[in-house]
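The values are calculated or read from the model by the stated rules, or taken from the named source; none is laboratory data. Computed from a predicted model, the values in this text were never measured in an experiment. We place every Cβ from the backbone using ideal geometry, glycine too, and count neighbours over all the protein chains shown. Accessible surface is based on the protein model in full, side chains and every heavy atom, while ligands, DNA and RNA are left aside. Shrake-Rupley method; radii C 1.70, N 1.55, O 1.52, S 1.80 Å.
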Amino acid sequence: MHRSFSRILKWIPVCIVSSVVAIGCGAGGAKRVAVDASPNRVRYVVGTFEPAGSDPVSVAADGSTLVDIDVLEGRSPGAALAFRDEAVADRVDSDALDRILDRAWRMRPPVDADLGAFAARTGYRDRDGEWFRHEVAGSMTTYRRRLHIPLAAVRSAVVSFAEGRGLRYPPGTVVVGEHLDAGRVVETTVMTRRSDGFWDFAAYGADGLPVDRIRGTTDDLRVPADCYGCHYGDREFEPQRSFPATAPDGPWGPRALFVPPEWRRADVTARLDEHARREDGLLGLHATLRLSALLSGRDAGAPAGSDDDLVSLVGF
């Protein structure tokens with residue numbers, strides 16, 4: 001269901017908490033609440049309200065995840081209010097945590113109010129020299145996807161890998177996925193790297209307005225709750241799992257990375273092990289394909305480019 005930001009803003013709860021006096025609408029004066037989720041998932045939700053600030057999340061002796069409401073209040077009054085509202089007997093279950101995440105997204109929308117403004121700001125459509133692109137059909141959706149990521153961000157991640165810090169993309173990195181139906185863009189997904197290291201997830205519909213659902217392979221995917229589940233889980237997905245070999249077809253047809261054959265390099269794929277390591281919550285093979293393209297160009301005698309040093313940094 002498409003929603004403009006003016007409609008989204010109407011969802012903000014009428015309960016308001018000031019920066020001085022905390023007025024709980026649900027759990028009253030509870031100082032800590034237990035949450036039925038991993039500590040990282042709770043930190044992700046908290047960071048969706050406000051990426052910076054003291055960490056309110058801890059792990060109890062019995063392994064349960066706890067949120068200190070007083071610490072959370074100092075970081076984000078809106079987040080503290082949301083946890084109070086959803087807590088029942090000082091506990092927040094997984095469904096309630098998803099509702100808190102939806103509330104965070106509406107309070108701090110991670111994208112522009114429409115796709116045209118987002119495209120103009122980022123330049124992913126027309127600044128060809130600044131973006132790395134490829135297309136994929138895989139496990140996420142029935143649509144073929146055209147992916148865009150800034151070349152500068154890929155370079156930064158490869159340098160991070162070469163320095164022993166893993167494939168880590170810098171804050172502010174934007175990854176765009178255009179979902180294609182007979183060549184027409186019908187959905188657009190957006191990932192933005194936050195200052196706390198997590199990714200914000202958002203999407204636009206065919207009309208260019210923000211949506212909270214995109215089409216999946218079985219059911220619609222909820223944005224951002226289902227996005228987090230896949231990106232920060234440990235399951236591998238096709239066709240990235242099989243690359244550089246050909247992936248088996250799925251129930252909805254071929255699953256493939258549509259790249260030149262010379263980019264299917266087993267040496268680069270094994271060296272980075274990008275999809276399986278999941279170091280940065282980014283499921284694609286952007287760095288693998290970029291290094292493969294650079295190596296292929298070098299082997300073919302292409303003129304030197306500004307990123308050619310990356311292949312030697314990684315050891316090729």
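The string of couplings for region 102-117 from the Karplus curve (6.51, -1.76, 1.60, θ = phi - 60°) is 4, 5, 4, 4, 6, 6, 9, x, x, 9, 5, 5, 8, 5, x, 5 Hz, one whole number per residue in order, with x for Gly and Pro. Per residue, the average separation of C-alpha pairs within less than 8 Å and at least 6 apart gives region 223-316 a relative contact order of 23 percent. Computed over region 142-223, the convex hull of the alpha-carbon atoms projects to a mean area of 6.3 nm².
State the percentage of accessible surface on region 199-263 attributable to carbon and sulfur atoms; use a 1.4 Å probe and exclude ligands, DNA and RNA. Within region 199-263, the accessible surface is 49 percent carbon and sulfur. The value of relative contact order for region 34-123, using C-alpha pairs under 8 Å at least six residues apart, is 31 percent. Surface analysis of region 78-220 yields an accessible area of 40 Å² per residue, using protein heavy atoms and a 1.4 Å probe. Among the trypsin sites (Lys or Arg not before Pro) in region 223-316, those placed in a DSSP loop whose Cβ has at most 10 other Cβ atoms within 10 Å are Arg235. Show the residues, 5+ positions off or on another chain, whose built amide H is closer than 5 Å to the amide H of Arg144. Distant-sequence amide H within range of Arg144: Leu180.
The GNM of the chain, with springs linking C-alpha atoms under 10 angstrom apart, assigns the highest mean-square fluctuation among Asp98, Asp212, Asp299 to Asp299. The longest part of the chain holding none of the exposed loop GluC sites (Glu not before Pro), meaning those outside H, G, I, E and B in DSSP with at most 14 other Cβ atoms within 10 Å, is 1-162.
Take every pair of alpha-carbon atoms less than 8 Å apart whose residues are at least six positions apart; their mean separation over the length of the chain yields a relative contact order of 15 percent. Whole-Hz Karplus values for region 174-182 come out as 10, 10, 10, x, 8, 8, 10, 10, 6 Hz, taken residue by residue from phi with 6.51 cos²θ - 1.76 cosθ + 1.60 and θ = phi - 60°; glycine and proline positions read x. Relative to the current alpha-carbon distance between Arg298 and Ala152, full extension at 0.36 nm per residue lengthens the span by 50.6 nm.
Whole-Hz Karplus values for region 184-199 come out as 9, 6, 10, 8, 9, 9, 9, 10, 10, 6, 8, 5, 8, x, 7, 9 Hz, taken residue by residue from phi with 6.51 cos²θ - 1.76 cosθ + 1.60 and θ = phi - 60°; glycine and proline positions read x.
Computed from Cα atoms, the angle from the helix 286-299 axis to the main principal axis of the chain rounds to 20 degrees.
Computed with a 1.4 Å probe over protein heavy atoms only, the accessible area of Asp220 comes to about 90 Å². DSSP loop (so not H, G, I, E, B), at most 12 other Cβ within 10 Å: list which chymotrypsin sites (Phe, Trp or Tyr not before Pro) in region 170-271 pass both filters. Listed in order of number, the matching sites amount to none. The loop-placed trypsin sites (Lys or Arg not before Pro) in region 85-139, going by DSSP, that have at most 12 neighbouring Cβ atoms within 10 Å of their Cβ come out as Arg127. Within the listed set Ser195, Ser64, Ser292, the residue fluctuating most in the Gaussian network model of the chain (springs between alpha-carbon atoms under 10 angstrom) is Ser64. Each 20 Å bin from 0 upward holds the following percent of the Cα-Cα pairs of the chain: 30, 54, 15, 0.
How would Thr218, Thr288 rank on accessible area, largest to smallest, probe 1.4 Å?
Accessible-area ranking of Thr218, Thr288, largest first: Thr218, Thr288.
Computing FRET efficiency as 1/(1 + (r/R0)^6) for Asp70 and Asp234, where r is the C-beta to C-beta distance and R0 is 45 Å, gives about 0.85.
Between Asp128 and Arg215, how high is the FRET efficiency from 1/(1 + (r/R0)^6) when r is the Cβ-Cβ distance and R₀ = 35 Å? Nearest 0.05.
0.80
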